[in-house]
1. Please give the helix 111-123 orientation as an angle from the longest Cα principal axis of the chain, in degrees from 0 to 90, rounded to the nearest 10.
2. For the stretch 82-93, in order, what is each residue's ³J(HN,Hα) by Karplus, 6.51 cos²θ - 1.76 cosθ + 1.60 with θ = phi - 60°, in whole Hz (x at glycine and Pro)?
3. Divide by every residue of the chain the summed helix terms, -39500 (n - 2.57) for each DSSP H run of at least 4, and state the resulting mean residue ellipticity at 222 nm, rounded to the nearest 500 deg cm²/dmol.
4. Residues with amide H under 5 Å of TRP167's amide H, sequence separation 5 or more or different chain, H placed in the peptide plane at 1.01 Å from N; which?
5. Using the heavy atoms of the protein chains and a 1.4 angstrom probe, tell me the accessible area per residue for the chain in square angstrom.
6. Only Cα pairs within less than 10 Å get springs; with that Gaussian network setup on the chain, which residue of LEU47, LEU16, LEU162 has the largest fluctuation?
7. Tell me, what ³J(HN,Hα) does each residue in the stretch 126-135 have, in order and in whole Hz, if you take phi through Karplus 6.51 cos²θ - 1.76 cosθ + 1.60 with θ = phi - 60° and put x for Gly and Pro?
8. Determine ³J(HN,Hα), in whole Hz, for all residues of the stretch 173-187 in sequence, where each value follows from phi through the Karplus function 6.51 cos²θ - 1.76 cosθ + 1.60 and θ = phi - 60°; x replaces Gly and Pro.
Amino acid sequence: MATYTLPELPYDYSALEPVIDPQIVELHHDKHHAAYVKGANDTLEQLAEARDKGTWGAVNGLEKNLAFHLSGHILHSIYWHNMTGDGGGEPLAADGVGDLADAIAESFGSFAGFKAQLTKAAATTQGSGWGVLAYEPVSGRLIVEQIYDHQGNVGQGSVPILVFDAWEHAFYLQYKNQKVDFIEAMWNVVNWQDVARRHAAAKERAGTLLLAP
């Protein structure tokens, strides 16, 4: 059975300074992300054991655990590549990401409107969660989602292409309880090239994902 593995960071721990402190990147990746990978693999083993023995008393909890850990692994895997020390600004045609810029303008009216919505969604997530820009394949538009924990409150079939981690472990050592300050600073490290590649890939396979007219 295939298992999940912790991906290597695409940069060193200090690459996102001063927006994100190297200690946060190290702990976040090596401890928190690693725990989601282990949790997903452990849950798969427990589900396999349940199938072998025909013991289903814990199936509800196991399915929730799998959704939690697997979604945490996937979102974090996107998160690391969504950032770069040379990022920030906004997507522009001059930088080769014109299709993404057009999609944002069409879906949200303007980049400023999109930025405000994603910032508010991430900053006001109750408890732990994420603010996410996702491609929605039924309409072919971009939407902002507010994800509780890692897996709640999402549109079925939507594909995350830009994720802002709003869990306290993502920022507390540096920003204390000022989540809004962290989210505002995140815009300075967005890797629009990566977001644009994810957007293009999601559009390309939308036909195979389409679930409703």
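The values are calculated or read from the model by the stated rules, or taken from the named source; none is laboratory data. A quick note: this is a predicted structure, and the numbers were derived from the prediction, not measured. Heavy atoms of the whole protein, side chains included, go into the accessibility calculation; ligands, DNA and RNA do not. Shrake-Rupley method; radii C 1.70, N 1.55, O 1.52, S 1.80 Å.
1. 40
2. 6, 10, 7, x, 9, x, x, x, 9, x, 10, 4
3. Computed ellipticity for the chain at 222 nm equals -14500 deg cm²/dmol.
4. GLY129
5. 51
6. Top of the fluctuation ranking is LEU47.
7. Per-residue couplings from phi come out as 6, x, 9, x, 9, x, 9, 9, 10, 8 Hz.
8. Using θ = phi - 60°, the values come out as 4, 9, 9, 6, 8, 8, 4, 4, 4, 5, 4, 4, 5, 4, 4 Hz.
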